[in-house]
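**Q** First, the structure itself, so that you have it in front of you.
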């Protein structure tokens, strides 16, 4: 398998007639999916999603793909194809449309409807939208697109076959091969096989579950576990799941009807998305089942079901606020049941367990994937991927959508089915893959970093700023103020030392005041008059002392004032 190297240089000019593929997100992480295809000087973008921050991203709201590689070529974009409506595939679209708002958008009815709600929130309008369905063929510049039905944990997901004069590419998007889906819409393996017969030159395939042996469990297999949980509960039930998981919500609605309960949505995105799904006919809601959340609390507890956001432990989500007793009208009672009907996205484990512990402390019975069959994955496991490789018979493979271990595992599966090792390309964000004369190879790398959204600021937050925030959060903060007589060089006042985060008792710093005075006066006696250099002298003394004495590396802010 071809491996990437950090020392890769900028790619050469694309050979005439070749196809260039540049993943700008989703390779090496679960989220932020975005891939750019270049052919005959024109660009096609597939997906434009966000990544949610982890514990080591303090103050960050979202992480976007880096548009720098295409920013000066936005006019060359023929279309943005959205494979399905999950945030990690559509969430960054408003930020791309801020840079060029008339990029043609291509997606299924539900995908574009969910995106429309997001665009309204951002006060954006996109004038060019193409609603497509499985089997549709649509052309943009040198790219002919054929949409193929795939099954995923959201309705209306699509794979896309991209035909160009350089060859045929099949991009699966996120998919699995559930043979008993709730909506009856299965992954179109007939079309996968037909494309395989035509000759797939490059196969970009979902890697998220490549390490998991066998086949992903059917969605229908969750129903008995939900039924048992509803049957066993004589109090309120709160179900937390992704705000776009229409199938899971449908199962909960069906259970509520069966057990004589009313349902309310909690969380802005849940209210919005389920309203859209219901309006478009993707969600079957019997009359009178849904009530307002505040009305629901007037009913007896055994008649209540709340469907909430927050299954990933997001700090501001409805479920987190319920767990912290800070929700404005949902107050957990002893023996209420909380069902976390979702998987753990890698990196969110601590946040989720924090919420589970908070709910348990309040006396709730918490049902989650670890103790009951209340969630199945939306991604193909190893058995399904092997099946796909055998029917698609790709000439070249580029595993996408997953952490490095997932990409490697997916590459191993491709090789096991007979794809030559040098035709299985393990890339990462920013790595450039060129398909020329039927052979795909890594040819270079473009600048591609993380773009942080911090409040209303986009991209203004650097990795070094984040590092400062981590130090402040983990190691604490010390400020040292010294006033020096600019004529005599004597210290007039100080050092005044203030600390936060580890030693609130300032008398703890008494032993370092003498060394600071001595060092400052010695530096001045040696002819140092520059404030910056004097401040560095103070920083060195305090840093050495606090490292030896307290085993910490806080942020040190020295201030030297010359009077």
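**Q** I need the peptides 414-424, 165-175 ranked by packing, meaning the mean over residues of other C-beta atoms within 10 angstrom, with the highest value on top. Mind dumping the intermediate values first?
**A** Working: 414-424: 16.4, 165-175: 24.2.
With the highest mean Cβ count within 10 Å placed first, the list reads 165-175, 414-424.
**Q** If you bin the C-alpha pair distances of segment 166-283 every 5 Å from 0, what whole percents do you get?
**A** Pair shares across the bins are 2, 8, 15, 17, 17, 14, 11, 7, 4, 3, 1, 0, 0.
**Q** Would you list the P(r) distribution for segment 131-197, with all Cα-Cα distances sorted into 10 Å bins from 0 and each bin expressed as a whole %?
**A** 21, 52, 23, 4
**Q** Under a plain spin-label model, where a point goes 7 Å from the Cα along Cα-to-Cβ, how far apart in nm are residue 335 and residue 531?
**A** Modelled inter-label distance: 6.8 nm.
**Q** Measure off 7 Å from each Cα along the Cα-to-Cβ vector at residue 295 and residue 493, then give the distance between these two points in nanometres to one decimal.
**A** Roughly 6.5 nm, to one decimal.
**Q** So for segment 219-367, averaging the separation of alpha carbon pairs under 8 Å that are six or more residues apart and normalising by length, what relative contact order in percent results?
**A** Contact order relative to length: 29 percent.
**Q** In segment 57-125, if every C-alpha pair distance is counted and binned at 10 Å from zero, what percent goes to each bin?
**A** Going from the shortest bin to the longest, the percentages are 18, 53, 26, 3.
**Q** Does segment 90-249 classify as rounded, prolate or oblate by the C-alpha gyration tensor (a ≥ b ≥ c root eigenvalues; a/c under 1.5 gives rounded; else a/b over b/c gives prolate, otherwise oblate)?
**A** oblate
**Q** While we're looking at this one, here's another question. Taking square-rooted eigenvalues a ≥ b ≥ c of the alpha carbon gyration tensor, is segment 382-454 rounded, prolate or oblate, where a/c under 1.5 means rounded and, failing that, a/b exceeding b/c means prolate? Don't skip to the answer; put the middle values down first.
**A** Numbers: a/c = 2.73, a/b = 1.45, b/c = 1.88.
Judged from the Cα gyration tensor, segment 382-454 comes out oblate (a/c at least 1.5, b/c at or above a/b).
**Q** Which shape class, rounded, prolate or oblate, goes with segment 219-367 when its Cα gyration tensor gives a ≥ b ≥ c as root eigenvalues, a/c under 1.5 marks rounded, and past that a/b bigger than b/c marks prolate?
**A** rounded
**Q** Follow-up. Using alpha carbons only, what's the Rg to Rh ratio of the chain with Rh from Kirkwood?
**A** 1.06
**Q** Show me the ranking of peptides 142-153, 111-122, 9-20 by mean Cβ neighbours inside 10 Å, starting with the highest.
**A** Values: 142-153: 23.2, 111-122: 18.7, 9-20: 14.6.
Listed from highest to lowest mean packing, they are 142-153, 111-122, 9-20.
**Q** While we're looking at this one, here's another question. With each run of n ≥ 4 DSSP H residues scored as -39500 (n - 2.57), what mean residue ellipticity at 222 nm is computed for the chain after dividing by its residue count and rounding to the nearest 500 deg cm²/dmol?
**A** On the way: 15 runs with 163 residues, N = 563.
Roughly -8500 deg cm²/dmol at 222 nm, from the helical runs in the chain.
**Q** Continuing with the same structure: If neighbour count is taken as other Cβ atoms inside 10 Å, put 337, 139, 83, 205 in order from fewest to most.
**A** Arranged by neighbour count, lowest to highest, 337, 139, 83, 205 become 139, 337, 205, 83.
**Q** If you rank 545, 265 by fewest surrounding Cβ atoms within 10 Å, what's the result?
**A** Result, fewest neighbours first: 545, 265.
Throughout, read-outs are computed from the coordinates displayed, never taken from laboratory work. Predicted model only: the values in this text are computed from it and were never measured. A quick note on method: Cβ atoms are made from the backbone with ideal geometry, for glycine too, and the neighbour counts reach across all protein chains shown.
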